Amino acid sequence: NAMNALAAACIGLSLHVPVKKISAALEHVAAASKRMQVQRISTVTVLNDTYNANPDSVLAALATLKDIHCSGNRIAVLADMLELGPDAESLHYGIGTAAALNDVDVLFTFGTLAQQMHDGATVAKKIHFAQKTDLIDELLKILTSGDAVLVKGSRGMKMEEVVAVLAERLPQKGQA
């Protein structure tokens, strides 16, 4: 997104659009639905990047999670990247390896191929889930104030359901 904003600013400058006008326009840009949307849910920052996933986009999302200000844990919730062909397992394993390189504290994986992410990861805590409901339940249990959570997977994995449950139940966490 930063690169896209920079490109837009350069085009504006080349067309002699005043810098103040470019700046004002960029301040009002909203992320497309489910595409690296930064959401504040209760005291947790959620990076909702559930629109789709491929190796490059997951690596970029992990780099964003690493760079985001976070006083708690960096948690990556990753699901299968579909339609990758014969290299699917090794590509998933590579994402698991990249999780540690991007300072992920906790890795939750979901899906058949995502097992390879789990196997490739050398993070402090990692859990692979066969059921999305179990993943959600465990995520709600471990989340604490200041955590940053990346949620990402291919369209077919419907990971936006995780974000929806967080938005519904997280503000109520800890209330009687």
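Here is how the numbers come out for the structure above:
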read-out	value
Per residue value of the accessible surface for the chain (all protein chains in place, 1.4 Å probe), Å²	54 Å²
Of the chymotrypsin sites (Phe, Trp or Tyr not before Pro) in segment 98-167, those whose Cβ has at most 12 other Cβ within 10 Å and which sit in DSSP loop	none
Order of exposure, largest accessible area first, which applies to Ser145, Ser23 with probe 1.4 Å	Ser145, Ser23
Degrees, to the nearest 10: 132-142 long Cα axis against longest axis of the chain	80 degrees
Accessible-area value, Asp103, 1.4 Å probe, nucleic acids and ligands omitted, Å²	80 Å²
The chain, accessible surface, carbon-and-sulfur percent (1.4 angstrom probe)	55 percent
Solvent accessible area, Å² - Met117, 1.4 Å probe, full protein context	0 Å²
Helix-derived mean residue ellipticity, 222 nm - over the chain, DSSP H n ≥ 4, -39500 (n - 2.57), to 500	-13000 deg cm²/dmol
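The values are calculated or read from the model by the stated rules, or taken from the named source; none is laboratory data. Keep in mind the model is a prediction, meaning the values are calculated, not measured. Heads up, the Cβs are rebuilt from the backbone with ideal geometry, glycines too, and the neighbour counts pull from every protein chain shown. Note: accessible area is taken over every heavy atom of the protein model, side chains too, but ligands, DNA and RNA are not part of it. Shrake-Rupley method; radii C 1.70, N 1.55, O 1.52, S 1.80 Å.
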